[in-house]
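Everything below concerns the one structure shown next.
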Amino acid sequence: MRPPIVALAALSLAACGSAEEPAASPTAATGMAETSPTTSNGTATDAESYATMAGASDLFEIQSSQLALEKSQNAGVREFAQMMIDHHRKTTEQVTTAAREAGMTPAAPQLTSMQRDNMTGLQAASGADFDRIYLEQQRQAHQMALALHQEYAQDGDTPQLQEVARTAVPIIQQHMEQAQALTAS
């Protein structure tokens, strides 16, 4: 189905833009029509789009954080990265379980092309530049994840997934605060 692919592309464009360039508007970047299963801010209210977008977001956070564990020399960044891996694996499991309980067969999460490009940029960075880019990408990704989960918790079409979205919101807010604190230090 094409709409979840468009929604996923919108998420990746907005959540994973480079640290040097502001993220594009998901709607403008994709030309999504108002009838798309995503809202004007690139979030989803249908179960399939939500599960796809949440999965891609989690996968990016896990893989970029695994890279941070390998490349960062900053103990705070490394601690944050391990927490991202642990929390986002759990979130992926919760979304998958809830989707199955709702009768869905969720696809395995996949990075979008934009997320792959951002991973390539992270792989090329080192030292303080790596930490700066990693934390900026985390900040942007968490802003989009927060919007995704808040919107779905309020307007989603599947109660099991709405509950997962509701429980994810305070965790995402905590991640945003921690990433901001690391950026300021």
Item to complete: Determine which single condition Ser65 fails, assuming it passes every other condition in (1) open to solvent by 10 Å² or more (accessible area, probe 1.4 Å); (2) modelled with pLDDT of 95 or more; (3) among the polar types (S, T, N, Q).
Response: (1)
Worksheet entry | Qualifying positions in segment 68-92 - open to solvent by 30 Å² or more (accessible area, probe 1.4 Å) and closer than 21 Å to Gly156 by Cβ | His87, Lys90, Thr92
Worksheet item: On the given criteria, is Asp129 in contact (Cβ under 8 Å) with a residue 12 or more places away in the chain and among the acidic types (Asp, Glu)?
Response: no
Discussion item. Given the condition over 17 Å from Met84 (Cβ atoms), of a type in the set (Ser, Thr, Tyr) and open to solvent by 70 Å² or more (accessible area, probe 1.4 Å), answer yes or no: does some residue in segment 117-134 qualify?
Written reply: yes
Fill in: From Val95, Val169, residue being surrounded by 15 or more Cβ atoms within 10 Å (Cβ to Cβ), in contact with a Gly (Cβ under 7 Å, 6 or more places away or on another chain) and not polar (S, T, N, Q)
Val95
Worksheet entry | Asp155 being over 17 Å from Glu61 (Cβ atoms) and surrounded by fewer than 19 Cβ atoms within 10 Å (Cβ to Cβ) | yes
Practice prompt. Working only within segment 98-116, note down all residues that are open to solvent by 30 Å² or more (accessible area, probe 1.4 Å) and touching a Cys at 6+ places or on another chain (Cβ under 7 Å).
Written response: Met114
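The values are calculated or read from the model by the stated rules, or taken from the named source; none is laboratory data. Quick caveat, the model's predicted, so the values are computed rather than measured. Here the Cβ is made from the backbone with ideal geometry for all residues, glycine too, and neighbour counts use every protein chain on show. Side chains included, ligands, DNA and RNA excluded: accessible areas come from the protein's heavy atoms. Shrake-Rupley method; radii C 1.70, N 1.55, O 1.52, S 1.80 Å.
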